[in-house]
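See structure below.
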Amino acid sequence: MTTRNPGAVRMVELDATDAHLWLPAALDVYVTAMNYPRGTAQQRYPLWREHLHRPGWRGVATLSPAPDGPVDDQRLVRRDDNPIAPAPEVLTGIAYGYPGGASQWWNQQLRQGLARVGYTREQISTIADDYFELTELHVHPQAQGQGIGQWLLTRLLDGVPAPKVLLSTPEVPGEENRAWRLYRRLGFVDVLRQFSFAGDPRPFAILGRGLPL
Ligand SMILES: CC(C)(COP(=O)(O)OP(=O)(O)OC[C@H]1O[C@@H](n2cnc3c(N)ncnc32)[C@H](O)[C@@H]1OP(=O)(O)O)[C@@H](O)C(=O)NCCC(=O)NCCS
């Protein structure tokens with residue numbers, strides 16, 4: 001699978017021990033890309049922090065030169081003591097994930113969803129026992145449409161030892177958004193459609209494909 005480096009954008013591997021340097025910026029990209037209320041970042045902070053400690057967690061981010069003029073949000077990751085951003089740069093994209101496991105809420109939801117549509121125990125095992133979960137993938141709206149999302153996804157999955165990758169994404173009419181186009185372009189297929197996670201009324205799709213890409 002070929003990927004490219006879009007212009008001056010650079011990719012960094014994220015380190016869980018440096019999270020205080022990049023997590024606020026990553027959450028800012030997340031709420032902006034998903035068009036969530038600003039307070040969502042604070043709500044999600046503890047959850048994303050907890051994910052960092054899951055075995056096999058890995059994350060990547062893209063950094064782009066800071067635009068001229070003031071940057072009024074959290075995305076400016078440059079600090080004198082910040083080893084991942086020695087020049088004035090903003091975080092423009094984030095992707096992370098970890099191996100799925102039976103103790104995880106998402107895995108339990110997946111198993112229940114598969115059972116509901118009639119899969120046998122054996123079939124559920126085949127799908128849900130051994131995979132890498134692509135948990136988050138977001139590109140700031142000002143940086144979308146340049147291939148950064150694809151670059152993040154392919155870099156994140158490069159070298160993942162699991163036999164497949166699974167993800168969930170909101171259903172949208174006609175699969176007409178960048179997330180769906182990206183996943184279909186990279187060969188993701190349906191695992192579950194019109195799926196409801198407990199506590200969330202929105203319909204989601206769970207998609208997957210074998211690894212390596
Ligand atoms: C989904 C998302 C991560 C995709 O990131 P992206 O950088 O916008 O998308 P891609 O990397 O797929 O870029 C594809 C676009 O770049 C263009 N492009 C230009 N050069 C390219 C290249 N070398 N390779 C790939 N695409 C390229 C493509 O033509 C395509 O344009 P189009 O979408 O208008 O058809 C991003 O749009 C996003 O954050 N969306 C909101 C949040 C979200 O839905 N997240 C996923 C939830 S599961």
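Values in this text are rule-based calculations from the coordinates and carry no lab data. This is a predicted model, so every value here is computed, not measured. Note that each Cβ is placed from the backbone with ideal geometry, even for glycine, and that neighbours are counted across all protein chains shown.
Put a plus charge on the Cβ of each Lys and Arg, a minus charge on the Cβ of each Asp and Glu, and nothing anywhere else: the dipole of the chain about its Cα centre is then about 500 debye. Multiplying the residue separation of Arg209 and Glu171 by 0.36 nm and removing their Cα-Cα distance gives an extension gain of 11.9 nm. Our coupling estimate for region 108-118, obtained by passing each phi through the Karplus curve with A = 6.51, B = -1.76, C = 1.60 and θ = phi - 60°, is 5, 4, 4, 4, 5, x, 5, 5, 4, 8, x Hz, Gly and Pro reported as x. Near Lys164, the amide H atoms lying under 5 Å from its own belong to Phe132, Leu211; only residues 5 or more places off or on other chains count, and H is placed 1.01 Å from N. For Val191, nonlocal amide neighbours, meaning residues 5 or more places apart or on other chains whose placed amide H falls under 5 Å from its own, are Ile206, Leu207, Gly208. Taking the fewest neighbouring Cβ atoms within 10 Å as the starting point, the ordered list for Ser196, Ser168, Ser103 is Ser103, Ser196, Ser168.
Here the Kirkwood formula, the inverse mean of 1/r across different C-alpha pairs, assigns region 2-210 a hydrodynamic radius of 17.9 Å. Charge dipole of region 92-187 (Cα centre as origin; +1 on each Lys and Arg Cβ, -1 on each Asp and Glu Cβ, all else neutral): 140 debye, rounded to the nearest 20. With the simple model of a label 7 Å out from the Cα in the direction of the Cβ, Asn35 to Glu122 spans 4.5 nm. With an 8 Å Cα cut-off and a minimum separation of 6 or more residues, compute the relative contact order for region 2-210 in percent. With pairs under 8 Å counted, the relative contact order is 20 percent.
Between Pro161, Pro24, Pro99, the residue with the greatest mean-square fluctuation in the GNM of the chain (Cα pairs under 10 Å linked by springs) is Pro161.
By the beta-carbon count within 10 Å of each Cβ, the least crowded to most crowded order of Glu13, Glu133, fewest first, is Glu13, Glu133. Shown in residue order for region 51-58 are the 3J(HN,Hα) couplings computed by the Karplus curve 6.51 cos²θ - 1.76 cosθ + 1.60 at θ = phi - 60°: 4, 4, 8, 6, x, x, 4, 9 Hz (x for Gly and Pro). Per residue, the average separation of C-alpha pairs within less than 8 Å and at least 6 apart gives region 105-201 a relative contact order of 32 percent. Each of Pro141, Val60, Asn177 was placed along the dipole of region 2-210 (beta-carbon charges, centred on the mean Cα), and the one lying farthest toward the positive end is Asn177. Computed per residue of the chain from DSSP H runs no shorter than four, each worth -39500 (n - 2.57), the mean residue ellipticity at 222 nm is -9500 deg cm²/dmol.
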